[in-house]
Amino acid sequence: MNKNDITQIRAAVNQKVFIGSGTSVRNILDYSESVDGFIIGSEFKQHGYWENEIDESRVKEITSLLAAQY
């Protein structure tokens with residue numbers, strides 16, 4: 001997915017737009033101004049693996065990035 005895809009999706013629907021799969025600390029700021037929100041799963045887990053426990057440091061890293069931007 002890229003910003004052009006998001007622009008096309010926004011033009012096609014009258015709904016909020018969220019990004020899910022693939023959202024990470026490496027790309028969240030690239031999309032934060034283009035979407036209404038994120039669905040984050042495994043990026044918040046230890047070692048980024050969905051079966052692992054939540055890793056608070058990973059959660060804080062992403063939320064800190066977003067808080068600093070807004």
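The values are calculated or read from the model by the stated rules, or taken from the named source; none is laboratory data. All figures in this text were calculated on a predicted structure; none of them were measured in a lab. Glycine gets a Cβ as well: all are built from the backbone with ideal geometry, and neighbour counts include every protein chain shown. These accessible areas exclude ligands, DNA and RNA; they are computed on the full protein's heavy atoms, side chains included. Shrake-Rupley method; radii C 1.70, N 1.55, O 1.52, S 1.80 Å.
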Quiz prompt | Degrees separating the helix 56-69 axis from the principal Cα axis of the chain, which is the longest one | solution = 40 degrees
Quiz item: Per residue, how much accessible area does the chain show when a 1.4 Å probe rolls over the protein heavy atoms, in square angstrom?
Solution: 73 Å²
Quiz prompt | Whichever lysines have a C-alpha closer than 21 Å to that of LYS45, once near sequence neighbours (fewer than 8 apart) are set aside | solution = LYS60
Practice problem: Work out how much length GLU33 to TYR70 would gain on full extension: take 0.36 nm times their residue separation and subtract the Cα-Cα distance, in nm to one decimal. | Solution: 12.3 nm
Practice problem: Over 21 Å, how big is the tail of the calculated P(r) for the chain, in percent of all Cα pairs? | Solution: 30 percent
Practice problem: Round to the nearest 10 and give me the degree value, 0 to 90, for the angle of helix 3-12's Cα axis relative to the longest principal axis of the chain. | Solution: 60 degrees
Exercise. As a check on your grasp of the helix formula, calculate [θ] at 222 nm for the chain: sum -39500 (n - 2.57) over DSSP H runs of n ≥ 4, divide by the residue count, round to the nearest 500.
Key: -11500 deg cm²/dmol
Quiz item: From a point 7 Å beyond the Cα of ASN52 in the direction of its Cβ, which residues of the range 1-42 have a backbone N at a distance under 14 Å?
Solution: 25, 41-42
